[in-house]
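Beneath this line is the structure, given in structure tokens, with notes to follow.
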Amino acid sequence: MGQLKRSDLPAELRSAFSRFESGLYEQAGVQALGILQNAPGDPDALYLLRLVERRLGRKPTGPAKLIWQFDPKDCWECEWLRLLLAGTYDEEIVDNKWSQIAPAMIVVDNRVVPEKAIYYRHAFETGARIVLVHLSDEAFKDDSGIYKYCDGVLRNYHSELLADIARVDFIPLGYKAGFARSGVTPKSAAQRQYLWSFAGDAKKISRGEMLAAMNSLEGGFTHLTEGFGTTDALSTEAYRALLDDTLVVPCPGGWSNLETFRVYEALEAGCIPIVEQRPAFDYFTRLLGPHPMPTITAWSEAAALVAQLKSSDSLEALRAACFAWWQNKKPALAQRAAAFVKKSMG
């Protein structure tokens, strides 16, 4: 996890870190300053000194800056992130050079590789308070060692291992930019043309199993593509129109994770998402808490579930429950993200 190996440090630094870990922050700071006098720029001593300053409550003045390390116009999550982070910053900066630093900074980044550690370490060493919004790490292959320079990390894709780190919290993927429609009342079950639909790449993990199961139900619609974001994919507008006319949206996982944008787009359009869980791991409950979305461990269960709900005339009640839950959940997620940023900033 990128933590310092105490055994690799000189004796005086080991002593200083031990004092820090014992809560003797002032003494640890004095030792770190002494080391820096003899070895200016020592990265471990400087790291410790900045930790001491944080523990002693030296906070940045002024509101945070939201710094994008890529153009937000190219970011699927840009609208979703602005919703979640509303009120936590006063200015957006498009950097894309890993050069902009502010006393309080919320940095949106992806493909977090070791080479970027220079930027985060430098920002940390200047005393900046840093909240990293870490996107797109579905397979957990990015360099989480950079997290040690951040006061907090908000990231998508829940990880059971990273969840044990106090400075890490998780945000749902959300919906693609351009998908949301404000002030639109979703159609009822009776008004929708399709019982179920799926648009996307059918080659990932359990998607073949899902299609085999759902195709046993009449009233479905599929639009299969060659891959994620390929030219044969539906436009955002066309996909929104499809979901507006769809009642049930099966939401199989992506390449390696159960979470996909599809789940939240289905909720946003007032559909019923059907989501997967592992036999011993209920991913969406772990991420979102209690929710009304039907959850299955095998797609063979899904068709029978939909047929049962249809025969009992319960689909509209479930659809309305999912939509109402989501409308309440969004502001709760924003409040949680704002509280996390505030706590991380000191």
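Bear in mind these aren't lab numbers, they're just calculated from the coordinates by the rules spelled out. From a predicted model like this one, the values you see are computed outputs, not experimental measurements. Note that we place each Cβ from the backbone using ideal geometry, even for glycine, and neighbour counts take in every protein chain shown.
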Near Lys141, which aspartates and glutamates are there with a Cα under 18 Å away, not counting those fewer than 8 places off in the same chain?
-> Asp109, Glu115, Glu160, Asp164, Asp169, Glu259
Round to the nearest 10 and give me the degree value, 0 to 90, for the angle of helix 300-311's Cα axis relative to the longest principal axis of the chain.
-> 60
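Give, in nm to one decimal, the length gained when the segment between Ala202 and Ser188 is fully stretched (0.36 nm per residue of separation minus the Cα-Cα distance).
Working: separation 14, 0.36 × 14 = 5.04 nm, distance 2.80 nm.
Taking Ala202 through Ser188 to full extension adds about 2.2 nm, to one decimal.
With viscosity set to 1.306 mPa s at 10 °C, what whole-number translational diffusion coefficient in µm²/s follows for region 10-162 from Stokes-Einstein and a Kirkwood radius over Cα pairs? Let's see the in-between values first.
Values: Rh = 16.7 Å.
Result for D is 95 µm²/s.
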Would you kindly state how much longer the chain becomes between Glu226 and Leu33 on full extension, computed as 0.36 nm times their sequence separation minus their alpha carbon distance, in nm to one decimal?
-> 63.7 nm
Report the Cys residues of the chain lacking a disulfide-compatible partner, meaning no second Cys Cβ under 4.7 Å from their Cβ.
-> Cys150, Cys251, Cys271, Cys322
Proxy reagent accessibility, fewest Cβ within 10 Å first, across Ile171, Ile165, Ile101 = Ile165, Ile101, Ile171
Long-range HN-HN contacts of Ile272 with modeled amide H, under 5 Å | Val248, Val249
Using the scaling law 2.2 N^0.38 Å as the reference, what is the normalised Cα Rg of the chain?
-> 1.16
Set the Förster distance to 30 Å, then compute FRET efficiency between Lys310 and Lys342 from the Cβ-Cβ distance, nearest 0.05.
-> 0.05
For Lys116, which aspartates and glutamates qualify as cross-link partners when the Cα separation must be under 14 Å and same-chain residues fewer than eight apart are set aside?
-> Asp95, Asp142, Asp143
In nm, to one decimal, how far is the modelled label at Asn96 from the one at Asp74, with both set 7 Å along Cα→Cβ?
-> 0.6
Backbone HN-Hα couplings from phi across region 280-286 [Karplus 6.51/-1.76/1.60, Hz, Gly and Pro as x] | 10, 8, 8, 4, 6, 5, 5
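Multiply the residue gap between Glu218 and Ser300 by 0.36 nm, knock off their C-alpha separation, and tell me the result in nm, one decimal place. Numbers along the way, then the final one.
On the way: separation 82, 0.36 × 82 = 29.52 nm, distance 1.55 nm.
Length gained between Glu218 and Ser300: 28.0 nm.
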Kindly provide the Kirkwood hydrodynamic radius of region 225-333 in Å, to one decimal, from all pairs of distinct alpha carbon atoms.
-> 14.8
Set Lys97/Lys343; Lys65/Lys342; Lys65/Lys148, cut-off 18 Å on Cα-Cα distance; pairs above it are Lys97/Lys343; Lys65/Lys148
